[in-house]
1. Which residues, taken from the range 73-84, are out of contact with any Gly (no Cβ under 7 Å at 6 or more places or on another chain) and in contact (Cβ under 8 Å) with a residue 60 or more places away in the chain?
2. Please note which strands (runs of 3 or more DSSP E) are completely contained in the range 167-248 and include at least 3 residues that are modelled with pLDDT of 90 or more.
3. If you go through the range 1-23 one residue at a time, how many are buried (at least 20 other Cβ atoms within 10 Å of the Cβ), modelled with pLDDT of 95 or more and either in a loop (DSSP other than H, G, I, E, B) or not hydrophobic (A, V, I, L, M, F, W, C) (or both)?
4. With the structure loaded, tell me whether V99 is within 11 Å of the ligand (Cβ to nearest atom) and out of contact with any Cys (no Cβ under 7 Å at 6 or more places or on another chain) or whether it fails that test.
5. Can you pull out every residue in the range 283-304 that is of a type in the set (K, R) and either buried (at least 17 other Cβ atoms within 10 Å of the Cβ) or more than 6 Å from the ligand (Cβ to nearest atom) (or both)?
6. For the range 279-300, give me each residue that is touching a helix residue (DSSP H, G or I) at 6+ places or on another chain (Cβ under 7 Å), at pLDDT below 95 and in a loop (DSSP other than H, G, I, E, B).
7. Between residues in the range 91-103 that are closer than 13 Å to R21 by Cα and residues that are part of a loop (DSSP other than H, G, I, E, B), which pairs lie under 8 Å by C-beta distance while being six or more apart or on different chains?
8. Search the range 47-65 for residues being surrounded by fewer than 18 Cβ atoms within 10 Å (Cβ to Cβ) and polar (S, T, N, Q), and hand back the single one that is farthest from the ligand (Cβ to nearest atom).
Amino acid sequence: MPKAPAVIGNLFAAAMGRTARVLRTTTPAPGFVELTLDAPPPAGGWRPGHEVQFRVSPTLSRRYTVHTADGPHIEILAAVSSGGPGAAFVKALRPGDEVSALAAVHIPLRAPGTRRLHLGDDSALGTFAALVPATTGTGVAPRSPAALDTATLPTGTLDNGTLHSGAHDVGALRVGGMEARARAESGHVVVVEVPAAAVEPLAARWPAFRFLPANGAPGDTVQSWLESAALDDTSAARENASAALDETSATRENASAALADVDGALLLGHAQSIQRQRRALINRGLSRRVIATKPYWSTGREGL
Ligand SMILES: Cc1cc2nc3c(=O)[nH]c(=O)nc-3n(C[C@H](O)[C@H](O)[C@H](O)COP(=O)(O)OP(=O)(O)OC[C@H]3O[C@@H](n4cnc5c(N)ncnc54)[C@H](O)[C@@H]3O)c2cc1C
């Protein structure tokens, strides 16, 4: 219900709404705002991956996803490059502000496969962070949103919440002198197209995710990455696809290897890109049944 008369919005707010207080806002990377909110939980409590609808004006609402939850404290990562009312609303929030948030009992996304491919854009990163924790355990004290103060952290600070359910971990790396487990043990692959300036700070925070710098139309970079994996190593088409990608270590790496034993896919974000990605995966031999999709926004459409 992205747009509704104010009276209908009031009815929904009365049934499913809660007043949430902003505890903190940060800019973890250019084009993103992260919110920490104190919000009375809905029935069943807040869960990572919980969908929330903010009333951004008396007649408009926009959906976002909780990536970290701890009692009444939740964190949300919002992409703010759309220029729409949702982005403007998020950017204007300050600690102490109160917002109207609608949420129902959490219904987990269908996420097929045990070694899953996650493809998406900036709008999907918070959901992927909820599903595939980037750091856990060793040497990194689990962070509770409740323990946060309202200060803005420096851009790129490694500051992951670790309160997710279903954590998997393998491998280890050193970040900021602390050892942090960084890979999903089950081998999940996460590929996210983001504004070029955001690649570095996001990669520092989610070292197990691959961040590709957006280049061209929405979804083009992920599509090139996907097609480079689908093509024969020696083919000219593969070279063309690789050339379309920016020359960063993340994008130069062999996508075929990353996808070798993927047994499911979750495609989120831009509707038209999801359709292309789905076709490419089916052409590559992945069964339709193990590809889950959820569009978060669509070209030329306001709210979804
Ligand atoms: C279930 C669900 C969960 C979601 N979770 C999150 C989340 O956790 N974090 C998050 O950032 N977003 C999330 N989204 C996406 C977010 O709701 C949309 O991006 C929303 O359209 C933004 O609203 P807006 O008012 O800023 O732009 P709109 O008024 O909706 O759109 C304005 C213009 O911008 C375009 N546009 C919309 N979104 C984007 C975008 N991300 N990038 C580029 N152009 C865009 C539209 O096509 C339109 O032309 C979620 C969406 C759904 C359906």
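1. H73, I74, S82, G84
2. It comes to 189-194, 210-213.
3. Looking only at that region, the number is 0.
4. No: the conditions fail for V99.
5. R284, R288, R289, K294
6. Selection gives R284 alone.
7. From residues that are closer than 13 Å to R21 by Cα, the pairs are P95/T150; V99/L93; A101/A39.
8. Filtering the range 47-65 for residues that are surrounded by fewer than 18 Cβ atoms within 10 Å (Cβ to Cβ) and polar (S, T, N, Q), the one farthest from the ligand (Cβ to nearest atom) comes out as T59.
The values are calculated or read from the model by the stated rules, or taken from the named source; none is laboratory data. Please read these numbers as outputs of a predicted model, since none were measured by experiment. Here the Cβ is made from the backbone with ideal geometry for all residues, glycine too, and neighbour counts use every protein chain on show.
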